Amino acid sequence: MVIYNRISLRIMKSPQGLVVIGLQWGDEGKGKIVDVLSENFDIVVRFQGGSNAGHTVIVANDTHKFRIMPTGAVRGKRTVIGNGVVIDPTVLIEEIEALREAKIEIDLLISDRAHLITPFHIQIDGLNETAKGNMKLGTTKRGIGPTYCDKVARVGVRLSDFTQRNSEQWSVLESSAKSIIEKIYGTVVDDPYIASLESFSSIIKKLLPYVGDSGEYLESAFNTGKRVLFEGAQGTLLDIDHGTYPFVTSSNCVSAAASVGTGVPFSRLDAVLGVCKAYMTRVGTGPFPTELKDDIGHRMQNRGKEFGTVTGRPRRCGWLDLVALRYAIRINGCSHLALTKVDVLTGINPLKVCVAYDVNGTETSTFPSYTEMLSEVVPIYDEMAGWTEEIEPSPEHSDFNNLPSQLQNYIGFIERSTGSKVAMVSVGPRRTDTIVDSRFRF
Ligand code: GDP
Ligand code: IMO
Ligand code: MG
């Protein structure tokens, strides 16, 4: 008997606050799903991560890649960057300029509590990685870890330091960063002018018109009935607490972070949609039980164009891991799933899905908290028939009954194994390559 998650049995009635979360190691297609959903929302909000994210949206012949800007910007929606995001001002300004060039109107509010990635942080990220040698994480080298470290160490700089012209906090950061670069690593600041308050302030100046109290704004937006979409970055298995530590990013990327990273109370968050690729990918180092280093893995990589949006690195590919997926759904409290990149599996037969792990001869369906153990588990697979038809979305698909029977079987297997309902299926990168189960109202 399958016990469905209680929240996923409720037919979703247009939630006012919806959180979209990646359930794997990032790049699940969150950007695409947020773009599709944002049509029916007033505001799209980022709440964690920074320019390590790369969210791709393809509308007709135009491809947009977002790092910090919420994806809703493509539709000219109100966008908010919450306090939990770490901002590289240069990257954000480039994104704003690219949108202007594309003649897209920008309606942006950036939290004055958000921390800033400075040139010091980017340099230290590189130095940390080199120093780790074999244990390096394969970070995106965008200064993410060092910026979150400084936030917690209370030596970081926030946008409010610039709106309030508080240069003392910059001095605190500068002396802390210099002591790491000079005393720990025995080197010098890469470019002292670029890393100076004068140079950094001149960049920040361009962002100041967008800066304000985003928590207060969101509270009044909720009170006036606006619908708010929260766009997660990275994925649950990269979460600093719940992911495959230490091979993780430096923020919480689970649904609970949507509240902390915006100042919106969690009681406002009505539903959580988990985005799950039909197979697994991972960029950077760290254990990956179902990784395929064979032709099937290469086929997924080529057909899925699995190359990092931010760094261009090839993404490692493997079979869908239901042990990890069940864990991710539990941590996030997903009400529903969006299953993406289903088209990439077309023509692969048979398909395998990992249903449990063998740990030294004992079968388990628990995702291990000790990451070292994850590198030793042997996946136990179920096999099922694949489909061969290319799927062109059409209105008849909206109850999924007209999808190839093998794909219906794949979806049904995921639903039964996880207790969560698949509400959306993505069969290509374009906005229109999306099938939404007509029973769900987003
Ligand atoms: P995100 O970080 O979760 O937003 O995902 P990325 O944008 O980094 O990576 C997903 C990639 O897959 C992008 O290039 C998307 O354009 C593409 N994509 C999204 N959904 C689909 C799909 O259903 N099929 C295919 N073939 N590509 C997709
Ligand atoms: P989106 O939002 C995939 C990975 C890096 C590295 C680890 C730590 O596009 O899904 P960091 O620079 O964050 O300190 O790197 O996390 N990583 C991502 N992998 N998608 C992402 O974002 C990622 N953001 C970080 O590759 O393994
Ligand atoms: Mg990405």
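Show the residue pairs that are 6+ apart or on different chains and have beta-carbon atoms under 8 Å apart, the first residue being within region 287-298 and in the same structural domain as LEU320 (by TED's automatic domain parsing), the second being among the aliphatic types (A, V, I, L, M) and assigned to a loop (DSSP other than H, G, I, E, B). Short answer, once both residue conditions are applied: PRO289/VAL377; ILE296/ILE348. When restricted to residues that are over 20 Å from LEU197 (Cβ atoms) and in contact with a Gly (Cβ under 9 Å, 6 or more places away or on another chain), region 100-112 contains 6.
Of the residues making up region 310-354, those that are β-branched (Val, Ile, Thr) and either in a helix (DSSP H, G or I) or buried (at least 21 other Cβ atoms within 10 Å of the Cβ) (or both) are VAL323, ILE329, ILE331, THR340, VAL342, VAL344, VAL353. Can you tell me which residues in region 128-179 are assigned to a helix (DSSP H, G or I), within 16 Å of ligand 2 (Cβ to nearest atom) and surrounded by 15 or more Cβ atoms within 10 Å (Cβ to Cβ)? Once the filter is applied, which keeps residues that are assigned to a helix (DSSP H, G or I), within 16 Å of ligand 2 (Cβ to nearest atom) and surrounded by 15 or more Cβ atoms within 10 Å (Cβ to Cβ), region 128-179 yields ASN128, GLU129, ILE144, GLY145, PRO146, THR147, TYR148, CYS149, ASP150, LYS151. For region 174-209, a residue qualifies if it is closer than 17 Å to PRO146 by Cβ, of a type outside the set (Val, Ile, Thr) and touching a helix residue (DSSP H, G or I) at 6+ places or on another chain (Cβ under 8 Å), and the qualifying residues are GLU174, SER176, ALA177, LYS178, TYR185, ASP190, ASP191, ALA195, PHE200. Of the residues ASP437, ASP399, the single one that is acidic (Asp, Glu) and within 24 Å of PHE230 (Cβ to Cβ) is ASP437. Within region 373-403, the set of residues being under 19 Å from LEU322 (Cα atoms) and not in a loop (DSSP other than H, G, I, E, B) comprises MET373, LEU374, VAL378, PRO379, ILE380, TYR381, ASP382, GLU383, MET384.
Tell me yes or no: at least one residue of region 109-119 is at pLDDT 95 or above and within 13 Å of ligand 3 (Cβ to nearest atom).
Taking every residue of region 109-119 in turn, none turns out to be at pLDDT 95 or above and within 13 Å of ligand 3 (Cβ to nearest atom).
Scanning region 225-234 turns up at least one residue that is of a type in the set (Phe, Trp, Tyr) and within 27 Å of LEU322 (Cα to Cα). Would you say THR285 is among the hydroxyl-bearing types (Ser, Thr, Tyr), within 16 Å of ligand 2 (Cβ to nearest atom) and surrounded by fewer than 23 Cβ atoms within 10 Å (Cβ to Cβ)? Considered against the rule, which asks whether it is among the hydroxyl-bearing types (Ser, Thr, Tyr), within 16 Å of ligand 2 (Cβ to nearest atom) and surrounded by fewer than 23 Cβ atoms within 10 Å (Cβ to Cβ), THR285 comes out as yes. If only residues of region 106-127 that are closer than 15 Å to SER51 by Cβ and without any contact (Cβ under 8 Å) to a residue 40 or more places away in the chain are counted, the one that is surrounded by the fewest Cβ atoms within 10 Å (Cβ to Cβ) is GLY126. Tally up the residues in region 15-32 that are aliphatic (A, V, I, L, M) and either part of a loop (DSSP other than H, G, I, E, B) or on the phi > 0 side of the Ramachandran plot (or both), please. Summing the residues that are aliphatic (A, V, I, L, M) and either part of a loop (DSSP other than H, G, I, E, B) or on the phi > 0 side of the Ramachandran plot (or both) in region 15-32 gives 1. All told, MET384 falls short of being at pLDDT below 95, assigned by TED's automatic domain parsing to the domain that holds PRO289 and hydrophobic (A, V, I, L, M, F, W, C). Only strands (runs of 3 or more DSSP E) whose full extent lies in region 33-123 are considered here, and the ones with at least 3 residues that are within 16 Å of ligand 1 (Cβ to nearest atom) and within 21 Å of the chain's Cα centre (by Cα) are 43-46, 55-59, 62-66. Scan region 188-204 for residues that are surrounded by 12 or more Cβ atoms within 10 Å (Cβ to Cβ) and part of a loop (DSSP other than H, G, I, E, B) and jot them down. VAL189, ASP190, ILE194, ALA195, SER196, listed by residue number. Residues in region 131-181 that are in contact (Cβ under 8 Å) with a residue 40 or more places away in the chain and polar (S, T, N, Q): THR139, THR140, THR147, SER160, THR163.
Quick check, is SER417 on the phi < 0 side of the Ramachandran plot and either among the hydrophobic types (A, V, I, L, M, F, W, C) or modelled with pLDDT under 95 (or both)?
no
The values are calculated or read from the model by the stated rules, or taken from the named source; none is laboratory data. All values derive from a computational prediction rather than experimental measurement. With ideal geometry, Cβ positions are generated from the backbone for all residues, glycine too; neighbour counts draw on all protein chains shown.
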